[in-house]
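Written out below as C-alpha cells is the structure these notes cover.
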Amino acid sequence: MSLGKRYEIYLPLEHNPDEDGHRSLIEEEKFDQTHEELWQTFGGITLSPESKNQALRGFWLGESEKPFKDKVITVMVYATDINKADNFFKKSIEIYKERFQQKEILILSWIVERIE
C-alpha cells in the first residue's frame, strides 16, 4: 500500500449572479480546458456526476448571510507527490476563480492509502 492524496475540485455550472440576480451558464470550453490540464498534470481524472444534467446541488450561506444555491460537478484526482500537488492547487485555485468567474472555488483534499 502507498500513501497519496485525493483532491476534489468543485466546479460551478453557472457564473455568480449579476446585480439583477441573473446567472448564465459557464462555457463548455472552460471545463474542457480544466479537465485537460488536470489530466495532463496527474495522469487521470474522475468526474462526478457523469452528466451536467445530474449536477450536484450545493446550499450555503454567503458573505451576506443570505442563502446561496449552486449546481456543481466535481473533478477528482489522485497524487503521490503531495507537495507538488498541493503547490499546483494553491496556484490553480486563483486561476479557477478567474476562469469560472467565481468569488470562491472549493477544493478539498485528504490523505488516502492506495491498495495495491
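Any idea which residue in segment 16-33 is nearest to Gly58 (Cα to Cα), counting only those that are touching a residue at least 24 places away in the same chain (Cβ under 8 Å) and part of a loop (DSSP other than H, G, I, E, B)?
Asn16
Can you work out which of the residues in segment 64-85 that are under 12 Å from the mean Cα position of the chain (by Cα) and in contact (Cβ under 8 Å) with a residue 60 or more places away in the chain is farthest from His35 (Cα to Cα)?
Val72
Inspect all residues belonging to segment 94-106 and state whether any of them is among the polar types (S, T, N, Q), over 30 Å from Ser2 (Cβ atoms) and surrounded by 15 or more Cβ atoms within 10 Å (Cβ to Cβ).
Yes: one or more hits.
Which one is surrounded by the fewest Cβ atoms within 10 Å (Cβ to Cβ), of the residues in segment 59-93 that are part of a helix (DSSP H, G or I) and of a type in the set (A, V, I, L, M, F, W, C)?
Filtering first and then ranking leaves Ile82.
The rows are residues; the columns are (1) over 30 Å from Ile82 (Cα atoms); (2) surrounded by 10 or more Cβ atoms within 10 Å (Cβ to Cβ); (3) of a type in the set (S, T, N, Q).
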| residue | (1), (2), (3) |
| --- | --- |
| Leu3 | no, yes, no |
| Ile9 | no, yes, no |
| Pro12 | no, yes, no |
| Asn16 | yes, yes, yes |
| Asp20 | yes, no, no |
| Ser24 | yes, yes, yes |
| Glu29 | no, no, no |
| Pro49 | no, yes, no |
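Select from segment 66-93 the residues that are small (Gly, Ala, Ser) and touching a strand residue (DSSP E or B) at 6+ places or on another chain (Cβ under 7 Å) and write down the one among them that is farthest from Ser2 (Cα to Cα).
Within segment 66-93, the match that is farthest from Ser2 (Cα to Cα) is Ala85.
Trp39 is checked against (1) part of a loop (DSSP other than H, G, I, E, B); (2) modelled with pLDDT of 95 or more and fails just one. What number does that condition carry?
Status for Trp39: all satisfied but (1).
The values are calculated or read from the model by the stated rules, or taken from the named source; none is laboratory data. Remember, predicted model here, so these are calculated numbers, not experimental data. Cβ sites come from the backbone with ideal geometry, for glycine too, and all protein chains shown count toward neighbours.
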